[in-house]
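The values are calculated or read from the model by the stated rules, or taken from the named source; none is laboratory data. Since we're looking at a predicted model, the values are computed, not measured. Accessible surface is based on the protein model in full, side chains and every heavy atom, while ligands, DNA and RNA are left aside. Shrake-Rupley method; radii C 1.70, N 1.55, O 1.52, S 1.80 Å.
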Amino acid sequence: MKKNDVLLVLWVIFGFVFVTAVDTILNFIIHLLYFSLVELGVSFLILTYLLPSITLVAYLFTSYFVVGKINRKSLKLELYKREFPKPLLVVLSLIIFILGPLTNWLSGLYSESISESHHGDIQSFLMFYGWFTAGFGISQMISLISLVIYLLIKLKDLNNN
């Protein structure tokens, strides 16, 4: 393999790691919001609608912010001419390996404590938690589709110019 090919593959891997790290951070923040709102006494019925909506807004805002940042820092150089950000790749990887399992562990602990303290409300909790987790998948898909549509339009404009 040529050096340019290796760098291109590294940049693709970097993109996957970057997107996964951003997803992991959003997941962690929204779970913290969930823990906080339950502790404040917000009902599961309200959370069933509130948290998926907040999740969607957070994902779309983050996508908009990243696209805006890319547009401002236009990549005029080809990737193989740019220095590969090894330290940033390590930091993003650490975020994934630390926050991902931590979020799942905290969620499991919190769900266990909720089920013990809210015996009569377990049906509401289960309905909420289904929508809560579905909210992440729906938000990811809508963000991805929005980015693809935006970039296809951008590509068409660039080809026309």
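Largest accessible area first, the listed residues M1, M127 line up as M1, M127 when surface is computed with a 1.4 Å probe on the assembled protein chains.
Measuring only protein heavy atoms, the 1.4 Å probe finds I138 accessible over about 80 Å². At a probe radius of 1.4 angstrom, the accessible area of the chain per residue rounds to 69 square angstrom. Take S36: with every protein chain present and a 1.4 Å probe, its accessible area is about 60 Å². Each residue of region 4-10 was assigned a 3J(HN,Hα) from its phi angle through the Karplus curve 6.51 cos²θ - 1.76 cosθ + 1.60 (θ = phi - 60°); the sequence is 4, 5, 4, 5, 4, 4, 4 Hz, with glycine and proline shown as x. When the pairs K69/K156; K2/K156; K3/K86; K86/K156 are compared against a 25 Å limit on Cα-Cα distance, K2/K156; K86/K156 fall above it. For the chain, the calculated P(r), taken from all Cα-Cα distances in 10 Å bins from zero up to the bin holding the longest distance, is 9, 30, 29, 18, 10, 4, 0 percent.
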